[in-house]
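Trainee: My questions will all concern the structure given below.
The values are calculated or read from the model by the stated rules, or taken from the named source; none is laboratory data. Here the structure is a predicted model, which means the values were calculated and not measured. Note: ideal-geometry Cβ built from the backbone for every residue, glycine included; neighbour counts use all protein chains shown.
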Amino acid sequence: MCATDVVSSLLTVLFAAAAVHALRRRVLPRSPGRRRRVDGVLHTVMAVAMAAMLWGGEAMVPARVQVAFFVGAALWFPVSALSRRHGTRLSEAARNAPSAVGMAAMAWMARPMVSPGHHALAAAHAGHPMGEQATHGAGTGVLVLCLLAYALRSLTRDMPGLRRSADDSPACSTKELYGHFWEGATHLGTVVMLLMHP
């Protein structure tokens, strides 16, 4: 088994576990609320799609459908935050930003499959054969940096040594720690996927 297969297998386990976590935490509870349930369904679909993408399973769903779905999912998180009637909309939008970026990354990875070769051919005719590669690299770079920042924040935010003092913020419950771990791990997995994706 080559190194790529090992990484793909580990990522498959990660995303499968993340899908189960999203189902148990946000979808299956009896009364999680409509928004929370939709969030859970979107996260579950994203995790399953990531796992399938590792083994070529994304070809089963038309690329345009994938792009449209994940663009809509990326928009759902900020729009649903702004539609809140109570609480601070800005803080809710910031809280939902990592999920929106993750969904945007999925749309970004599916984008080249919509019309493979079309953009490269157009760039070549325009005299800029590397233009599409540069654009793709810049977009991937921005997504990778954002997701890395979100991953590090999720994975380190509850470390006692990184707190200014115990009085500054209440200790997180085990459930919150568990949630932060899965958020950070999923973001890191998405970063690896972005870097592996052609």
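Trainee: Please verify whether the stretch 17-27 includes one or more residues that are within 15 Å of Ala73 (Cβ to Cβ) and of a type in the set (D, E, K, R).
Mentor: Looking through the stretch 17-27, at least one residue is within 15 Å of Ala73 (Cβ to Cβ) and of a type in the set (D, E, K, R).
Trainee: Going by the structure shown, is Gly72 closer than 25 Å to Tyr178 by Cα, part of a helix (DSSP H, G or I), free of Cβ contacts under 8 Å to residues at least 60 places away in the same chain and within 18 Å of the chain's Cα centre (by Cα)? Before the answer, list the steps.
Mentor: Working: closer than 25 Å to Tyr178 by Cα: no; part of a helix (DSSP H, G or I): yes; free of Cβ contacts under 8 Å to residues at least 60 places away in the same chain: yes; within 18 Å of the chain's Cα centre (by Cα): yes.
Spelling it out, it is not the case that Gly72 is closer than 25 Å to Tyr178 by Cα, part of a helix (DSSP H, G or I), free of Cβ contacts under 8 Å to residues at least 60 places away in the same chain and within 18 Å of the chain's Cα centre (by Cα).
Trainee: Here is a check on your reading of the model: is Val7 within 25 Å of Pro112 (Cα to Cα), among the hydrophobic types (A, V, I, L, M, F, W, C) and surrounded by 13 or more Cβ atoms within 10 Å (Cβ to Cβ)? Before the answer, list the steps.
Mentor: Working: within 25 Å of Pro112 (Cα to Cα): yes; among the hydrophobic types (A, V, I, L, M, F, W, C): yes; surrounded by 13 or more Cβ atoms within 10 Å (Cβ to Cβ): yes.
Yes, satisfied.
Residues are listed down the side, and each one gets a yes or a no for (1) farther than 14 Å from Leu194 by Cα; (2) surrounded by 13 or more Cβ atoms within 10 Å (Cβ to Cβ):
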residue: Met50; (1), (2): no, yes
residue: Trp55; (1), (2): yes, no
residue: Ala68; (1), (2): yes, yes
residue: Pro78; (1), (2): yes, yes
residue: Ser91; (1), (2): yes, no
residue: Pro98; (1), (2): yes, yes
residue: Val101; (1), (2): no, yes
residue: Ala104; (1), (2): no, yes
residue: Met109; (1), (2): no, yes
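Trainee: Could you please let me know if Ala97 is modelled with pLDDT of 90 or more and either in contact with a helix residue (DSSP H, G or I) (Cβ under 9 Å, 6 or more places away or on another chain) or under 19 Å from Ala151 (Cβ atoms) (or both)? Let's see the steps before the verdict.
Mentor: Details: modelled with pLDDT of 90 or more: yes; either in contact with a helix residue (DSSP H, G or I) (Cβ under 9 Å, 6 or more places away or on another chain) or under 19 Å from Ala151 (Cβ atoms) (or both): yes.
Answer is yes for this residue.
Trainee: Considering only residues of the stretch 111-140 that are in a helix (DSSP H, G or I) and exposed (fewer than 12 other Cβ atoms within 10 Å of the Cβ), which is modelled with the highest pLDDT? Lay out the reasoning, then the answer.
Mentor: Taking the stretch 111-140 as the starting set, the residues that turn out to be in a helix (DSSP H, G or I) are 111-113, 118-125, 131-140.
From what is left, the residues that are exposed (fewer than 12 other Cβ atoms within 10 Å of the Cβ) are 118, 125, 134, 137-138.
Details: His118: 45, His125: 43, Ala134: 71, Gly137: 84, Ala138: 88.
Per the stated criteria, the residue is Ala138.
Trainee: Is at least one residue of the stretch 66-89 at pLDDT 90 or above, in contact with a Phe, Trp or Tyr (Cβ under 7 Å, 6 or more places away or on another chain) and on the phi < 0 side of the Ramachandran plot?
Mentor: No, the stretch 66-89 contains no residue that is at pLDDT 90 or above, in contact with a Phe, Trp or Tyr (Cβ under 7 Å, 6 or more places away or on another chain) and on the phi < 0 side of the Ramachandran plot.
Trainee: Let me ask something else. Check Ser8, Ser31, Ser80 and return the single one that is in a loop (DSSP other than H, G, I, E, B) and either over 21 Å from Ala149 (Cβ atoms) or hydroxyl-bearing (Ser, Thr, Tyr) (or both). Before the answer, list the steps.
Mentor: Values: Ser8 fails: in a loop (DSSP other than H, G, I, E, B); Ser80 fails: in a loop (DSSP other than H, G, I, E, B).
Answer to the selection: Ser31.
Trainee: Among the residues of the stretch 20-36, write down those that are of a type in the set (D, E, K, R) and either in contact (Cβ under 8 Å) with a residue 40 or more places away in the chain or in contact with an Asp or Glu (Cβ under 9 Å, 6 or more places away or on another chain) (or both). Working first, answer last.
Mentor: If we filter the stretch 20-36 for residues that are of a type in the set (D, E, K, R), which is where we start, we get 24-26, 30, 34-36.
Once the filter is applied, which keeps residues that are of a type in the set (D, E, K, R) and either in contact (Cβ under 8 Å) with a residue 40 or more places away in the chain or in contact with an Asp or Glu (Cβ under 9 Å, 6 or more places away or on another chain) (or both), the stretch 20-36 yields Arg25, Arg26, Arg35.
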